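Just so you know, all these numbers are worked out from the coordinates, no wet-lab data involved. It should be emphasised that the depicted structure is a prediction, and the values quoted were computed from it without experimental measurement. Virtual Cβ from ideal backbone geometry, glycine too; neighbours counted across all protein chains shown.
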Amino acid sequence: MPIVIKPCDDGLREEYAFIELQGDLKSHSETAFDGKFVGDLHFSKSGTPLLIIGHHLMYGKETKLDKPFALLEKCQEDGNVTYKVRCVVKNKIIFKTRPKPIVGA
């Protein structure tokens, strides 16, 4: 069976990246993080990724993936199955140091 893969025609060319964390993320309410706000991702003037989760700050590093990943959307029309390419993920941001507490003055 042939698999048809089409690029999206919506004109959006957003840049996506994986975020890799060492350890676990736990919520106080023991609920899943699906669709919920987790934290803020910023980049310093020098390009260093900064992740703020609650009162914790983590410094990261952006690297290229060995092999890119494609995010596909399955579409079925008139019995035909096609896949649309939503985006191609080429980078990942790694946070492997322990978080530093943010302390107010």
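With a ≥ b ≥ c the root eigenvalues of the C-alpha gyration tensor of the stretch 32-78, is it rounded (a/c under 1.5), prolate (a/b larger than b/c) or oblate?
Details: a/c = 3.47, a/b = 1.62, b/c = 2.14.
Note, shape of the stretch 32-78 comes out oblate.
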Problem set entry | Total charge dipole magnitude, the chain, about the Cα centre, Cβ charges on Lys, Arg, Asp, Glu only, Debye to nearest 20 | 560 debye
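For a footprinting-style exposure proxy, rank 37, 95, 69 by other Cβ within 10 Å, fewest first.
Numbers: 37 7, 95 20, 69 13.
Fewest-to-most Cβ neighbours within 10 Å comes out as 37, 69, 95.
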Problem set entry | Neighbour-count ranking [beta-carbon atoms within 10 angstrom, fewest first] of 67, 84 | 67, 84
For this session: For the chain, with a Gaussian network of springs between Cα atoms less than 10 Å apart, report the residue from 56, 42, 28 with the top mean-square fluctuation.
Result: 28
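Within the chain, which is the longest segment that contains none of the GluC sites (Glu not before Pro) sitting in a DSSP loop with at most 14 other Cβ atoms within 10 Å? All intermediate terms of the calculation are to be shown ahead of the outcome.
Details: sites that count: 14, 15, 30.
For GluC sites (Glu not before Pro) (loop position, at most 14 other Cβ atoms within 10 Å), the longest site-free span of the chain is 31-105.
Test of understanding: what is the full-extension gain from residue 18 to residue 42, defined as 0.36 nm times their sequence separation minus their Cα-Cα distance? Mind dumping the intermediate values first?
Values: separation 24, 0.36 × 24 = 8.64 nm, distance 1.45 nm.
Working it through step by step, the gained length comes to 7.2 nm.
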